[in-house]
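Report on the following structure.
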Amino acid sequence: MGFDTIIRNGTIIDGSKQPRFKADVGITGGRIEAIGDLGKAEAKRVIDAKGMIVVPGFIDMHSHSDRTIIDDPGGESKVHQGVTTDVVGNCSYSPFPVPPGGPLGGYKFQTTNVEWGWSDLAGWAKMIEEKGVSMNIAPQAGHAAVRAAAGLLDNRPPTPDEMANMRRLTAEAVEQGAFAFTTGLTLPPGSYATTDEIVSIVEAIKPYDGAFYATHARLWANNHVGAVKEAVEVGRRTGVPVQYSHMAIIDSRVYGQGETMTDPIERAHDRGMDVTYDMYPYTAAGSHLAQLIPDWVQEGGVVKMLERLRTPAIRKKAIEDTRKGWFKGLPWEFDSIVIASVSSEKFHSIVGKSVAQIAKERKADPHETYLTLIDENDNNVGAVFHNRVEGDVRYFMGHPLAMIGSDGSAISPSGKYSKDKPHPRFYGTYPRILGRYIRQKPSVMTLEEAIYKMTAFPAKRMRFKDRGVIKIGYIADITIFNPDTVIDNATFDNPHQLPTGVPHVLVGGEPVVSNGKHTGARPGKVLRRGSS
């Protein structure tokens, strides 16, 4: 029997949590055709995996590559980690649906140099696949995009017609292949929504097999577990599965209380509900500065927000309210907020500096500086927020209901975003877990458990029919790594560093990383719910 590719001499961890075993893997036509002793078989391509672990390609359960994959279709920061599928459209931000005339209120959620010539998932997917992409992309429909497409950027409940429109737009996206409806309840316009609004929209996707609800949850004053309870409540009221996004504790008053965060999920699971979560292995978050300023400043969209910041009397009020704290009175720690990216070349020198440092250099008040940075860069300013502790990270990672999602984007060390200083999770999430949290002691879990959280578990959530496990007949999305050397190299100061110890990555049986080098191949697909 002749194969397209044989992976010889490797140790397989198949993704199912079963013990590892030694075997060869034969691939033909992009699928796994044989597993066993293939020593006498022939193939066009042979990969020697001696001393290596052969696993399903990693499925990044929480990604923001909707925009970046357009500009950096090779997705080097992800595929070099072993990621073969990115789940995008998280935290309410998706590049669809788009109303006639383009995004409203400045809410061009996934800004890129590419002209926005699409209005729905189908049009966006067609553009992605025509350009070509090295990894698979699994889209979700975002609440902020849906609200904007319905013309609802203000802090008010939707009218009956607006609600019907949002339900229709969401259902249409799911019909076209979106896997889920996502919310971002800490940032306008999503933060304006009540639980009832979310429930009504989620109910619209219930008829679609496998569709689920994913939430970047709401912050609750003096009640850090309230966010989890609201997510579970949406699932209880709708009967739709729930994915809680990037589980973490960012309120310093309740560090170490991870068990209270997972308790509502455990209780729901015990009642037969389908509720899980994802997380990433860092003690810092990444977002945009605007996420932490008062909601009223942001009402109506980015254009109106910038108009307020550029009106002296309103700006003064915004500074006063910002001074009260970033969340319900929590004090600012400006030295822990580091600028990762800006849109204006004029201000690029601030990238890598903390807000406290910038304010000191400008001899300005840090609260005013915070708002000025948003103003100067037309709201396109990203930052890293150092706001959590290692003990909580380890607890959330090891929990049996956790899966892994980077909360990062697929970019290139030499591409459009190479001058930014993004969160190192863009480049290091998976090797970091395999090296620092599995190989190094004390380990958080077994290697088999970790691979399950990166492969079969997210595949189950996504209802992938033939991905996430090394199994005959399954698509050959495969990662090969060295368990003795795999490690992340990206740091906060120098994030554009590829990891060590991941020499081979195949997408649909085609090598996109070979002997540690990107091949330039673009075999990825935009996956669709129900057919992937």
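Assorted remarks:
- Folded to 0 to 90 degrees: helix 160-175 orientation relative to the chain principal axis, Cα: 20 degrees
- Overall Cα dimensions of the range 46-194 - principal axes, largest extent first, Å: 62, 30, 25
- Once Cα Rg over 2.2 N^0.38 Å is calculated for the structure shown, the corresponding label among [x] 1.09; [y] 0.94; [z] 1.77 turns out to be [y].
- The range 16-73: C-alpha gyration tensor shape, a/c 1.5 cut-off, then a/b vs b/c: prolate
- For residue 31, the amide hydrogen comes within under 5 Å of the amide hydrogens of 476, counting only partners 5 or more places away or on other chains and with H modelled in the peptide plane.
- Equivalent ellipsoid dimensions for the range 385-482 as semi-axes, Å, which come from the Cα gyration tensor, largest first: 24, 21, 13
- Theoretical FRET efficiency, 1/(1+(r/R0)^6), r = Cβ-Cβ of residue 346 and residue 233, R0 60 Å, to 0.05: 0.85
- Distance between the 7 Å Cα→Cβ label points at residue 321 and residue 126: 4.2 nm.
- Here the chain carries DSSP beta bridges of which approximately 50% are antiparallel, counting only pairs with both residues inside.
- Rounded FRET efficiency, nearest 0.05, which uses the C-beta distance separating residue 436 from residue 48 and R0 of 41 Å: 0.90
- Under 9 Å, Cβ to Cβ, from residue 487 - net charge with Lys/Arg +1 and Asp/Glu -1: +2
- Estimated FRET transfer efficiency (residue 295, residue 37; beta-carbon r; R0 60 Å; 0.05): 0.45
- With N counted as the residues of the range 290-385, its alpha-carbon radius of gyration over 2.2 N^0.38 Å works out to 1.00.
- Taking the chain and dividing mean pair separation by its residue count, relative contact order in percent (alpha carbons under 8 Å, at least six apart): 22 percent
- Within the range 324-357, trypsin sites (Lys or Arg not before Pro) in DSSP loop having at most 12 other beta-carbon neighbours inside 10 Å: 328
- For residue 330, residues with placed amide H under 5 Å, excluding near neighbours: none
- Debye equation applied to the C-alpha atoms of the range 315-436, log10 I(q)/I(0) at 0.12, 0.13, 0.19 Å⁻¹: -0.57, -0.66, -1.12
- Ordering of 488-500, 276-288 by burial proxy (mean other Cβ atoms within 10 Å per residue, highest first): 276-288, 488-500
- For the residue pairs 346/421; 316/353; 304/421; 317/346, alpha carbon separations beyond 18 Å are given by 316/353; 304/421; 317/346.
- Alpha carbon centroid spacing (whole Å) that separates the range 257-271 from the range 146-163: 32 Å
- Alpha carbon centroid spacing (whole Å) that separates the range 409-433 from the range 492-525: 13 Å
- Long-range amide H partners of residue 513 with built H, under 5 Å: 505, 519
- Converting phi to 3J(HN,Hα) with the Karplus coefficients 6.51, -1.76 and 1.60 and the offset θ = phi - 60°, the range 74-83 yields x, x, 3, 4, 8, 5, 5, 7, x, 7 Hz in sequence order, with x at every glycine or proline.
- Each 5 Å bin, from zero up to the one with the longest distance, holds this percent of the alpha carbon pairs of the range 130-205: 3, 16, 28, 23, 13, 7, 5, 3, 0.
- Along the range 420-425 the Karplus relation, 6.51 cos²θ - 1.76 cosθ + 1.60 evaluated at θ = phi - 60°, assigns HN-Hα couplings of 6, 10, x, 4, x, 4 Hz to successive residues, with x for each Gly and Pro.
- Summed over qualifying helices (DSSP H, 4 residues or more, each -39500 (n - 2.57)) and divided by its residue number, the chain shows a 222 nm mean residue ellipticity of -8000 deg cm²/dmol.
Read-outs: derived from the displayed coordinates by stated rules, not from any lab. Note that the coordinates shown come from a computational prediction; the quantities given were computed from them, not determined experimentally. Positions of Cβ are backbone-derived with ideal geometry, glycine not excepted, and every protein chain shown enters the neighbour counts.
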